[in-house]
Amino acid sequence: MRKFRVRPASTLKDEQEQVLALVGQNFARVFAADLATLVGAEVDVAMAPVRKWSWDDLLATLPEVYCAARLNMPPLEGTGLITVEVPLATAIVEKLLGGPGEAQERTEPLTEVELSLLGEMHQRTAGDLAEALSLVVATKPVAARQESRLELIRAAAARSLLVAIEFDVTMKSTVSASGRLRIALPAESLLGSLAAFAGTSAATASLDVTGRLGNCPVEAAVRFNETTIRSRRVVNLAPGDLIMLEHRVDEPLTLYVGETAFLPVLAGRRGNQKAFAVVEAANTNRKGVAAL
């Protein structure tokens, strides 16, 4: 039996969550490609909402059989944690051993062979995290070997805070397998960098930090306002049918970076390419045009 703890509500500021969303979306893109290469199968990675935990509460969520590795992030202080749901971990192991990649529930600890194979996945996770975090701060995450007992993996004060970015991972092979990957980062070291990058701290982000934004690819899309229609209408759609959008023709569209609404824009063309014109810049009054 384990003592159940209620997770406190997140106290992250909106600006910090938005920056973490950008980091998480970039990680999802890179990790999906990296894991697909490792297992030789198509992989989808979708980001879940950001959460804030204490170290003790996070450990209390681990099942009796778990797959977790400590995460050191020099030069940042503190210890993080990488956890993978066991059915997904066993599917990855089976795929690496030449099997179909079927997920398995386990009641006994993972074997030495399984731990060794999963160590490669943990190190790739750490490397992809470093690339995603380069948007905010330079760090060199290193994943330690998975520990088999909570007493050994407990590497921080019980009430020290962690920021967890979580992902739903689906591995598509002969047999599909899915599960959640959680990366818990030491909050005290990270939140200052998030605030500086978002421009909400007393100190301004250094040019060395913000300059890395230009080297970090992010997904951008221009969208109309959302429109609600009945499911029956969707089922009966046929070529030539029209759907009225809840979007006035003189109203700007919205530029999204990942899933975060960023700027109002106007759609248009430049030469033979579709383009959008920024009509309200975030930190400047100048207008710009970017090709899609």
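The values are calculated or read from the model by the stated rules, or taken from the named source; none is laboratory data. This one's a predicted model, so the numbers in the text were calculated from it and none came from an experiment. Neighbour counts run over all protein chains shown; Cβ positions are idealised from the backbone, glycine included.
So is THR204 closer than 29 Å to VAL265 by Cβ and at pLDDT 85 or above or not? Break it down into steps so the answer makes sense when it comes.
Numbers: closer than 29 Å to VAL265 by Cβ: yes; at pLDDT 85 or above: no.
Considered against the rule, which asks whether it is closer than 29 Å to VAL265 by Cβ and at pLDDT 85 or above, THR204 comes out as no.
Got a number for residues in region 31-58 being touching a helix residue (DSSP H, G or I) at 6+ places or on another chain (Cβ under 6 Å) and under 19 Å from VAL163 (Cβ atoms)?
4
Quick test for you: out of ALA158, ALA143, pick the one residue that is exposed (fewer than 15 other Cβ atoms within 10 Å of the Cβ), at pLDDT below 90 and either more than 24 Å from ALA48 (Cβ to Cβ) or in contact with a strand residue (DSSP E or B) (Cβ under 8 Å, 6 or more places away or on another chain) (or both). Even if it seems obvious, please write down each step before you answer.
On the way: ALA143 fails: exposed (fewer than 15 other Cβ atoms within 10 Å of the Cβ).
Among ALA158, ALA143, only ALA158 is exposed (fewer than 15 other Cβ atoms within 10 Å of the Cβ), at pLDDT below 90 and either more than 24 Å from ALA48 (Cβ to Cβ) or in contact with a strand residue (DSSP E or B) (Cβ under 8 Å, 6 or more places away or on another chain) (or both).
Considering only residues that are part of a loop (DSSP other than H, G, I, E, B) and either in contact (Cβ under 8 Å) with a residue 40 or more places away in the chain or farther than 29 Å from ALA28 by Cβ (or both), which ones fall in region 247-276?
So in region 247-276, the residues part of a loop (DSSP other than H, G, I, E, B) come out as 247-252, 258-259, 271-272.
Once the filter is applied, which keeps residues that are part of a loop (DSSP other than H, G, I, E, B) and either in contact (Cβ under 8 Å) with a residue 40 or more places away in the chain or farther than 29 Å from ALA28 by Cβ (or both), region 247-276 yields ARG248, VAL249, ASP250, GLU251, GLY258, GLU259, GLY271, ASN272.
Looking at region 15-30, I want the residues that are of a type in the set (S, T, N, Q) and modelled with pLDDT under 85 and have a partner that is surrounded by fewer than 23 Cβ atoms within 10 Å (Cβ to Cβ) and in a helix (DSSP H, G or I) with Cβ atoms under 9 Å, at least 6 apart or on another chain. Which pairs are those?
Note: pairs meeting the criteria are GLN16/LEU191; GLN16/ALA195; GLN16/ALA198; GLN18/ALA198.
Do we find that LEU190 is outside any strand (DSSP E or B), modelled with pLDDT of 80 or more and among the hydrophobic types (A, V, I, L, M, F, W, C) in this structure?
Values: outside any strand (DSSP E or B): yes; modelled with pLDDT of 80 or more: yes; among the hydrophobic types (A, V, I, L, M, F, W, C): yes.
Judged against the criteria, LEU190 is a match.
Restricting to region 36-60, name every residue that is part of a loop (DSSP other than H, G, I, E, B) and within 26 Å of GLN18 (Cα to Cα). Explain how you work it out, then say what you get.
Quick first cut of region 36-60, residues part of a loop (DSSP other than H, G, I, E, B) only: 40-41, 48-50.
Residues satisfying the conditions are ALA48, PRO49, VAL50.
Looking at this structure, is ASN285 loosely packed, with under 10 Cβ neighbours inside 10 Å and either outside any strand (DSSP E or B) or modelled with pLDDT under 70 (or both)? Please lay out each step first, then the result.
Numbers: loosely packed, with under 10 Cβ neighbours inside 10 Å: yes; either outside any strand (DSSP E or B) or modelled with pLDDT under 70 (or both): yes.
Answer is yes for this residue.
Among the numbered criteria (1) touching a Lys or Arg at 6+ places or on another chain (Cβ under 8 Å); (2) farther than 17 Å from VAL142 by Cβ, which one does THR79 miss?
Exception for THR79: condition (2).
Grab the helices (runs of 4 or more DSSP H) fully contained in region 61-153, keeping just those with 1 or more residues being basic (Lys, Arg) and within 19 Å of ASN26 (Cα to Cα). Can you show your working first?
On the way: elements: 86-96, 112-133, 150-153.
Result: 112-133.
Out of region 103-117, which residues are touching a residue at least 40 places away in the same chain (Cβ under 8 Å) and touching a helix residue (DSSP H, G or I) at 6+ places or on another chain (Cβ under 6 Å)?
Hits for region 103-117 are ALA103, ARG106.
Can you pull out every residue in region 110-132 that is closer than 21 Å to GLU64 by Cβ and exposed (fewer than 15 other Cβ atoms within 10 Å of the Cβ)? Step through it out loud before you land on a result.
Looking only at region 110-132, we keep the residues that are closer than 21 Å to GLU64 by Cβ, and these are 110-115, 118, 122.
If the condition is that a residue be closer than 21 Å to GLU64 by Cβ and exposed (fewer than 15 other Cβ atoms within 10 Å of the Cβ), then THR111, GLU112, VAL113 are the ones that fit.
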